[in-house]
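Novice: For reference, the structure I am asking about is given below.
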Amino acid sequence: MSYPVAPARLEGAGYTIVEDASLATRNTLRVAARASLLIDVRDTQALPEVLAFPLVKSSPLFVLGGGSNVLFTRDYPGTVLSLASRGIQICAERDGVATVRAAAGENWNDLVNWTIAHGLCGLENLALIPGTVGAAPIQNIGAYGTEVREFVESVDVFDRHSMSAMRLSRADCEFAYRDSRFKRAPERYIVTGVDFALPRSREWRLDYSGVREEIAALGVESINAASIAEAITRLRLRKLPNPEVIGNAGSFFKNPVIDAAPAARLRSAYPALPQWPADAGRVKLSAAWLIETSGLKGFRDGDAGVSAQHALVLVNHGTASGARLWALAQQVRDTVRQRFDVTLDAEPVVI
Ligand code: EPU
C-alpha cells in the first residue's frame, strides 16, 4: 500500500498549483482550513492562463493577500489565488509628488519603509499594518487618522468579466471606511498592483490619541516620516496583539457608523462611549468600548477568544476552528446588540 507524501503539485511559468492545500500558514488567525486548489502567482502575466484552467473556471475563486483579514469558517471548495508578484519603483515625479508603483505581492510594511527611505511621506501613519500591498485598497486600510485611499492614485486589476487587465482611478475604486469596489465584488477583480501619489513633504497627522505622546517619548529632535512610523510601530506593538505571537486578524469588527439621533441618545446614556464624526452627519462609535463594556474583553470559549489586550480583536489561543471563532463573533455581536441596540459588522472577509 502506498501513501501519498505530498499533495499534487504543478509548476507553471510564473505560478505554482497545489491540490488540497493547507491554508493554516496562510491566514493570521491560524485556522487549519484547506483549499481544493491553491495557486501562487509570481508573474501576473500568467493570470489569463491560470484563470482559463477548466477546474479554476468552474469553481469559486478567492484571492488571498497576506491572510490577515480573512476568516475561513470551513474548507474552501474552490481556488485560492495568492499573488506573489514583487517590485516597487518610482515611475514619475512632478511638483514634489512621486508616483510609486508597487506589485500586489509586496509586504505592506516593507513598502512603507521603502517609501520613507526614498524621502517620501504619506504612509507613515500606516506603518506595521499586516498584509500585502494588493490587499490594502480592497479594505481601504486605515490607522491613526489616515486611510490609504488618500494616497492611492490608481489600482491595477485583472478583471475576470472582461478577462483583461485594467487600471482604475481612485474615484473608480469607490472607497469608503474599510470598504471599496473590490471588496464588494471579490469574484471579479484581482488587484495586481497599486500606484501611490506620495509627496516629498506634508503636514504631519499627529492628532490621533496617543501619537504625540509616543513621539515625545522617542525623544527625537525633529519629527519626520521615519520617527512617526517608529512611534506608530511602538504604539501598535503595545496596543494590539501581535499576529506573530497569537493568531488574530486585527480588528474583527468595524467601528459602527450610526445616525445622529441614536448616537445622541447613546451619548447621554453613556458619556464615556467614544464617538467620532463620520460622513454625511453620521457618527462612528468605538466598537472596542461597546464590547469591553459588555464584559467580553478577555472572554474565552475554548481556544477562541476576545483579546484581553484590545476588545476589538478576536484571537486564536491555539487550535480554534474557524467555525468556533465565527460562533464567538456571533455571540459578541448578539451581546452588544442586546445591550446597546447597535449592530457590529465583521471587518474581515468571512468565508
Ligand atoms: N477601547 C476600549 N477597549 C479596548 C480598546 C479600545 O474601550 O479594549 C476604546 C478606547 O476608548 C480607545 C478607543 O476605543 O480610545 C479607540 O481605540 P483604538 O485607538 O485602539 O482604535 P479602534 O477604533 O479600536 C481603529 C482601527 C484599527 C486601528 C486603530 C488605530 C477599525 C475597525 N479599527 O481601532 O485598525 O489600528 O483604530 O487607528 O477601524 C484593523 O483595522 O485591523 C485595525 C487594527
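The values are calculated or read from the model by the stated rules, or taken from the named source; none is laboratory data. These numbers come from a predicted model, not from an experiment. Don't worry about glycine lacking a Cβ; one is built from the backbone with ideal geometry, like all the others, and counts go over all protein chains shown.
Novice: Kindly indicate whether any position in region 17-35 is in a strand (DSSP E or B) and hydroxyl-bearing (Ser, Thr, Tyr).
Specialist: yes
Novice: On to the next question. So SER209 clears everything in (1) modelled with pLDDT of 95 or more; (2) within 16 Å of the ligand (Cβ to nearest atom); (3) among the polar types (S, T, N, Q) except one condition, right? Which one?
Specialist: (1)
Novice: From (1) farther than 30 Å from GLY305 by Cβ; (2) in a loop (DSSP other than H, G, I, E, B), pick out the condition that doesn't hold for GLY67.
Specialist: (1)
Novice: I'd like to verify a number: residues in region 135-164 that are in contact with an Asp or Glu (Cβ under 8 Å, 6 or more places away or on another chain) and in contact (Cβ under 8 Å) with a residue 60 or more places away in the chain, how many? Can you show your working first?
Specialist: Residues of region 135-164 that are in contact with an Asp or Glu (Cβ under 8 Å, 6 or more places away or on another chain), as a first pass: 139-141, 145, 152-156, 160.
From the residues that got through so far, the ones that are in contact (Cβ under 8 Å) with a residue 60 or more places away in the chain too are 139, 145, 160.
Going through region 135-164 one residue at a time, the tally reaches 3.
Novice: Take ARG324 and tell me if it is of a type in the set (Lys, Arg) and within 17 Å of PHE72 (Cα to Cα).
Specialist: Taking the combined requirement at face value, the residue satisfies it.
Novice: Given region 195-279, what helices (runs of 4 or more DSSP H) lie entirely inside it while holding 1 or more residues that are surrounded by fewer than 17 Cβ atoms within 10 Å (Cβ to Cβ) and touching a Cys at 6+ places or on another chain (Cβ under 9 Å)? Outline the logic, then answer.
Specialist: Values: elements: 211-218, 225-239, 260-269.
In region 195-279, no matching helices (runs of 4 or more DSSP H) lie anywhere.
Novice: Return the residues of region 331-351 that are within 25 Å of THR25 (Cα to Cα) and out of contact with any Ser or Thr (no Cβ under 9 Å at 6 or more places or on another chain); say none if nothing qualifies.
Specialist: Correct list: ALA346, VAL349.
Novice: Give just the number: which of (1) surrounded by fewer than 23 Cβ atoms within 10 Å (Cβ to Cβ); (2) in contact (Cβ under 8 Å) with a residue 12 or more places away in the chain; (3) part of a strand (DSSP E or B) does ALA102 not satisfy?
Specialist: The one condition ALA102 does not meet is (1).
Novice: From SER286, SER294, which residue is touching a residue at least 40 places away in the same chain (Cβ under 8 Å) and either within 19 Å of ALA24 (Cα to Cα) or buried (at least 18 other Cβ atoms within 10 Å of the Cβ) (or both)?
Specialist: Result of the check over SER286, SER294: SER294.
Novice: Being over 19 Å from THR73 (Cβ atoms), small (Gly, Ala, Ser), touching a Lys or Arg at 6+ places or on another chain (Cβ under 6 Å) and modelled with pLDDT of 95 or more is the requirement here; does SER307 meet it?
Specialist: So SER307 fails the test.
Novice: May I ask you to verify whether LEU198 is within 14 Å of the ligand (Cβ to nearest atom), touching a strand residue (DSSP E or B) at 6+ places or on another chain (Cβ under 9 Å) and under 26 Å from ALA278 (Cα atoms)? Steps first, please.
Specialist: Details: within 14 Å of the ligand (Cβ to nearest atom): no; touching a strand residue (DSSP E or B) at 6+ places or on another chain (Cβ under 9 Å): yes; under 26 Å from ALA278 (Cα atoms): yes.
Judged against the criteria, LEU198 is not a match.
Novice: Now a separate question. GLU93: acidic (Asp, Glu) and free of Cβ contacts under 8 Å to residues at least 12 places away in the same chain, yes or no?
Specialist: Spelling it out, GLU93 is indeed acidic (Asp, Glu) and free of Cβ contacts under 8 Å to residues at least 12 places away in the same chain.
Novice: Among residues belonging to region 37-84 that are acidic (Asp, Glu) and either under 20 Å from ALA185 (Cα atoms) or within 23 Å of the chain's Cα centre (by Cα) (or both), point out the one that is surrounded by the most Cβ atoms within 10 Å (Cβ to Cβ).
Specialist: If we take residues in region 37-84 being acidic (Asp, Glu) and either under 20 Å from ALA185 (Cα atoms) or within 23 Å of the chain's Cα centre (by Cα) (or both), then ASP40 is surrounded by the most Cβ atoms within 10 Å (Cβ to Cβ).
Novice: Does THR233 meet the test of being away from the ligand (no atom under 14 Å from the Cβ), in contact (Cβ under 8 Å) with a residue 40 or more places away in the chain and polar (S, T, N, Q)?
Specialist: no
Novice: Restricting to region 299-336, name every residue that is within 16 Å of the ligand (Cβ to nearest atom), touching a helix residue (DSSP H, G or I) at 6+ places or on another chain (Cβ under 7 Å) and aliphatic (A, V, I, L, M).
Specialist: Matches in region 299-336: VAL306, ALA311, LEU312, LEU314, VAL332, VAL336.
Novice: Let me ask something else. Could you pull out the residue among LEU325, LEU290, LEU314 that is touching a strand residue (DSSP E or B) at 6+ places or on another chain (Cβ under 8 Å) and closer than 30 Å to ALA269 by Cα?
Specialist: LEU314
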